Every structure is written in structure tokens, then in C-alpha cells.
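Working notes, beginning with the structure itself.
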Amino acid sequence: MATTFPEGFVWGTATSAYQIEGAVREGGRGVSIWDRFSHTPGKTENGDTGDVASDHYHRWRQDVGLMKELGLNAYRFSIAWPRIIPDGSGAANQAGLDFYDRLVDALLAAGIEPFPTLYHWDLPEALYDKGGWLNRDAAGWFADYAAVVSSRLGDRVRRWITHNEPFVAAFEGYALGSHAPGLNDPKAALQVAHHLLLSHGRAVPILRQNSEAGAQVGIALNLSWVDPASERQADVEAAQRFDGLLNRLFLDPLFRGAYPADMLAYAGPLAPEVEPEDLLQIATPIDFLGVNYYSRAVVADDPQGGPLGARQIVPPYAELTEMGWEVYPEGLRQLLVRLHQEYHPAALYITENGCAAADRLQDGRVHDPQRIAYLSAHLAAAHQAIAEGVPLRGYLVWSLLDNFEWAYGYTKRFGLVYVDYATQARVVKDSGAWFRQVATANALP
Ligand code: GCO
């Protein structure tokens with residue numbers, strides 16, 4: 001019996017500018033912190049950079065054609081701030097705006113709803129040199145950037161996403177150092193998280209004001225279902241701290257207008273400096289929550305486990321993807337139900353879900369049964385969540401194309417479409433053909 005999704009359910013894919021566009025010196029684009037980071041020896045696998053990536057800047061028409069061929073009706077992409085305002089603030093770059101203007105028109109002509117993300121980690125270098133997200137002025141810089149973009153695209157874009165994964169931008173960028181700008185300063189990371197959220201709150205009314213009535217604004221968070229490694233009190237408390245940092249540090253301000261008390265207490269002197277009006281601004285109502293889900297987190301107490309005193313463990317016998325992440329679709333259902341019951345978002349989209357697999361091009365085909373099984377299981381979990389009352393409105397696979405996987409460079413492939421980086425040829429994988437069936441039938445086979 002087919003598992004049918006609600007009428008009008010959105011089916012699409014997700015990408016980001018630095019991971020697919022390339023053409024980093026073309027069209028007036030300025031330099032971003034990821035240009036500097038990826039060109040810093042030792043920061044990425046094989047010294048890979050986004051200089052060329054999947055060459056989407058030149059092949060975007062072909063890529064829109066692929067989306068149409070796959071029967072998709074939505075596409076989440078990110079807009080590169082350095083293309084729009086090369087110095088981060090000040091004069092806008094018309095050539096940069098023109099690129100996204102043409103892309104949006106081509107998507108709409110193909111019956112594909114654009115879901116642009118304003119910030120997917122590629123902060124203009126010039127702003128980083130002024131303190132970047134550590135500088136409270138960044139909220140204003142971001143608001144100005146949002147105004148420039150929405151003034152140009154607001155007549156056609158009906159779904160806006162302000163930020164992608166502020167947790168990763170803040171903690172991988174400023175505490176773990178595994179992402180740009182590569183710092184190791186937990187206090188800075190918490191302050192950056194606050195400024196990212198504040199900039200979101202500043203941008204929401206601007207995006208609404210510059211868009212047609214009915215346009216919707218949201219944010220995409222990387223969220224996980226968190227389980228303790230055992231019933232031991234120390235593990236249960238470690239899991240609560242991990243849940244507090246990964247999930248509640250963002251969900252509580254956005255939906256409750258306050259930081260979680262346990263996390264503020266735990267952070268102590270590392271807690272961010274907050275102005276009185278900030279939390280009110282951050283909690284500006286949004287129309288949807290984007291959920292980027294890949295796996296659950298199983299957490300154990302570990303006094304040597306960094307500032308949280310916790311470490312993630314991989315359960316024995318777990319099925320893993322090429323990223324070493326546990327395949328755990330039940331966590332998606334549990335997470336969606338929790339979000340619905342505890343935070344009551346008006347609507348939810350799965351703005352990223354997918355897996356890296358050991359894809360091989362053989363006789364012009366890529367057979368990726370593990371990815372099909374992963375997607376099918378997570379869609380079944382999403383369908384179960386809908387049956388339990390969750391207002392889930394769509395599902396976007398990460399990713400349309402194989403692309404630059406940040407510090408992993410080009411060693412991890414997430415695409416429904418294989419990219420031969422030597423020739424930039426695109427080959428639809430078996431999972432892409434499978435997903436076309438699902439999207440066109442609005443049902444799991
Ligand atoms: C993220 C980012 C993507 C990643 C994807 C796979 O969620 O980390 O949005 O840029 O490439 O998640 O790790």
C-alpha cells in the first residue's frame with residue numbers, strides 16, 4: 001500500500017552557494033571567510049577549495065533542467081553574500097543580483113519554488129576583518145544585505161530562509177575550529193550564536209516588507225534527536241547538556257524568547273552579552289521552521305569531553321553512512337513530534353536530509369541502494385510524524401549535486417546527481433530516478 005503524502009507536499013533538493021557555484025572570482029564576487037579558510041593549508045581534505053566546486057555558476061541552466069527532469073517542485077539554494085555586496089556592507093553588485101534573478105526566473109518557469117537561504121556560512125572577508133559575527137554590528141550588516149536581496153527578488157520569492165545552521169557557523173567556526181574562521185574560543189562561539197540569532201530577528205520583518213503578501217520566512221536549524229548512552233545519571237545529564245547546546249539554545253530564543261536557563265547557568269561567565277530588546281527581536285514570529293536532520297546523537301558523560309563534558313558515541317552494530325553517521329530514521333520522527341509538541345511551529349519543512357555514500361560511476365550509471373534505503377526510511381518516518389499531527393509541509397534532499405563538503409572537500413558525495421569533477425558531467429544516480437518516482441507520485445512506492 002503506497003504511503004501517500006498530503007496534497008501540495010513540497011518535494012525538492014538543497015544546495016549552498018560555496019559548495020556548488022565555483023566562479024569565486026567572477027561576476028564581481030568578493031572574498032568570503034570560506035575562500036580564506038579553504039586556501040589555508042591543512043584545513044580541508046587534499047587542500048580542496050570551492051574555487052570551481054560543481055561549476056554551478058556556469059551550469060545553472062543545465063542544473064535547473066535536471067531538477068525539472070527529476071519532477072521536483074522546490075529548490076533550496078543559498079545566496080552568496082559576497083556576490084551581492086562584495087565588501088559585505090556598502091555598494092551592491094548588480095551582476096551578483098542578476099545571477100540570482102535569472103536563477104529564480106528559470107526555477108519559476110520550470111514550476112519549481114525557490115527557497116533561498118540568505119546565509120550559508122560564506123561571510124564576506126571584509127566584514128570578518130571588522131570583527132565578523134563577533135561584532136554586534138553584524139546584525140545590521142545582515143539586515144542591510146537582506147534588504148538588498150529582497151528588494152530585488154521579493155516580487156517572486158515566497159519562501160525565505162534567513163540562516164542555515166547557526167549552530168555550525170558558531171560552534172564549528174568559533175569553538176571547534178573545523179569550519180571558517182577556524183577559532184577555538186567557546187565564549188566567542190556563544191556570542192556569535194547570539195548575534196546570528198539577532199541578525200535573523202532583524203531580517204524577518206525586512207524580508208516580509210519587501211515581499212508579496214503571503215510570503216513566508218523561516219530559519220533552517222541542524223537538529224538531532226538526543227539519546228543518553230546509558231541510563232546512568234551522568235550520561236542522562238550529559239545528553240541533556242548536549243540537547244541544550246545543539247537544539248534548545250536556538251529553539252528556545254526563537255520560539256520562547258528566552259535562552260534555556262540550564263544552559264545559561266552551565267555557561268556561567270561564557271554566556272553571551274545580551275541587550276534587553278534582543279530576545280524580543282529574535283522571537284519575531286516566523287512562518288516555518290526548517291529542520292536539517294541527518295542522524296541522532298547518542299551522548300555519554302566524559303569529563304575530558306570539552307566544555308560540555310560530553311562525547312558522542314556510535315552505538316555498536318549501527319549502520320553508518322560514509323560520514324560515519326548512524327542511520328537512524330526513528331530519530332527524525334521523534335524529533336518532529338517533539339518540535340510540534342514543545343515549540344508549536346506554524347509549519348515545518350525538512351530542509352536537509354540525505355546521506356553520503358561510496359558512489360562509483362560504472363558504465364555511465366551510479367547504483368546507490370544505500371541512499372535509496374536511507375531516503376525511503378526517513379520519508380516513512382516523516383510520513384508517520386505527519387500522521388501524528390506534525391504540520392510537515394515538504395522534504396528537500398541534501399543534495400541535488402555532489403559538491404564541496406566543507407572540511408571533507410570532494411571526498412564525500414551526497415548528491416542525487418553524480419558530478420564527475422574532471423569533466424563537470426552530471427549523471428543522475430539510481431536514487432535520483434527513485435526520488436523522481438516519489439516526487440511525481442507524491443507517495444513512497
Ligand atoms: C550542513 C550543511 C550542508 C552539509 C550537509 C552534509 O547541514 O552541514 O547545511 O552544507 O554539506 O549537511 O554535511
Condition set surrounded by fewer than 22 Cβ atoms within 10 Å (Cβ to Cβ) and charged (D, E, K, R), scope region 334-354, selection farthest from the ligand (Cβ to nearest atom): answer is Glu342
When the residues of region 111-131 are filtered to those that are in contact with a Phe, Trp or Tyr (Cβ under 9 Å, 6 or more places away or on another chain) and either away from the ligand (no atom under 16 Å from the Cβ) or modelled with pLDDT under 95 (or both), which remaining residue is most open to solvent (accessible area, probe 1.4 Å)?
Lys130
Which residues, taken from region 191-224, are within 16 Å of the ligand (Cβ to nearest atom), closer than 24 Å to Asn135 by Cα and in contact with an Asp or Glu (Cβ under 9 Å, 6 or more places away or on another chain)?
Gly218, Ala220, Leu221, Asn222
Just checking: which of the helices (runs of 4 or more DSSP H) contained wholly in region 240-283 hold 3 or more residues that are in contact (Cβ under 8 Å) with a residue 24 or more places away in the chain and open to solvent by less than 30 Å² (accessible area, probe 1.4 Å)?
249-256, 278-282
Tell me which of these Gly331 doesn't satisfy, since it passes every other one: (1) more than 16 Å from the ligand (Cβ to nearest atom); (2) in a helix (DSSP H, G or I).
(1)
Would you mind finding the one in Ala300, Ala310, Ala357, Ala377 that is surrounded by fewer than 21 Cβ atoms within 10 Å (Cβ to Cβ) and either in contact (Cβ under 8 Å) with a residue 60 or more places away in the chain or under 23 Å from Tyr408 (Cβ atoms) (or both)?
Ala300
Residue list for region 45-98, restricted to those being of a type in the set (Asp, Glu) and in a helix (DSSP H, G or I):
Glu45, Asp63, Glu69, Asp98
Every residue in region 209-228 that is surrounded by 21 or more Cβ atoms within 10 Å (Cβ to Cβ) and of a type outside the set (S, T, N, Q), please.
Val217, Gly218, Ile219, Ala220, Leu221, Leu223, Trp225, Val226, Pro228
Mind checking which residues of region 1-33 are within 16 Å of the ligand (Cβ to nearest atom) and under 16 Å from Ala74 (Cβ atoms)?
Gly12, Thr13, Ala14, Thr15, Ser16
If we only count strands (runs of 3 or more DSSP E) wholly inside region 355-445, which ones have 1 or more residues that are under 19 Å from Glu326 (Cα atoms) and within 13 Å of the ligand (Cβ to nearest atom)?
392-398
Enumeration of residues in region 38-55 that are surrounded by fewer than 22 Cβ atoms within 10 Å (Cβ to Cβ) and not aliphatic (A, V, I, L, M)
His39, Thr40, Pro41, Gly42, Lys43, Glu45, Asn46, Gly47, Asp48, Thr49, Asp51, Asp55
Can you tell me which of (1) under 23 Å from Pro124 (Cα atoms); (2) touching a helix residue (DSSP H, G or I) at 6+ places or on another chain (Cβ under 7 Å); (3) among the hydrophobic types (A, V, I, L, M, F, W, C) is the one Val168 doesn't meet?
(2)
Looking at (1) out of contact with any Pro (no Cβ under 7 Å at 6 or more places or on another chain); (2) over 16 Å from Cys355 (Cα atoms); (3) open to solvent by 10 Å² or more (accessible area, probe 1.4 Å), can you tell me which one Ala385 breaks?
(3)
So, Phe142, is that one within 16 Å of the ligand (Cβ to nearest atom) and at pLDDT 95 or above or not?
no
Looking only at region 391-438, and only at residues there that are open to solvent by 30 Å² or more (accessible area, probe 1.4 Å) and of a type in the set (Ser, Thr, Tyr), the one that is farthest from Asp35 (Cα to Cα):
Thr423
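The values are calculated or read from the model by the stated rules, or taken from the named source; none is laboratory data. Just so it is clear, the structure is predicted and the values come from calculations on it, not from any experiment. Cβ atoms come from the backbone with ideal geometry, glycine included; neighbour counts cover every protein chain shown. SASA here: full protein model, heavy atoms, side chains in, ligands and nucleic acids out. Shrake-Rupley method; radii C 1.70, N 1.55, O 1.52, S 1.80 Å.
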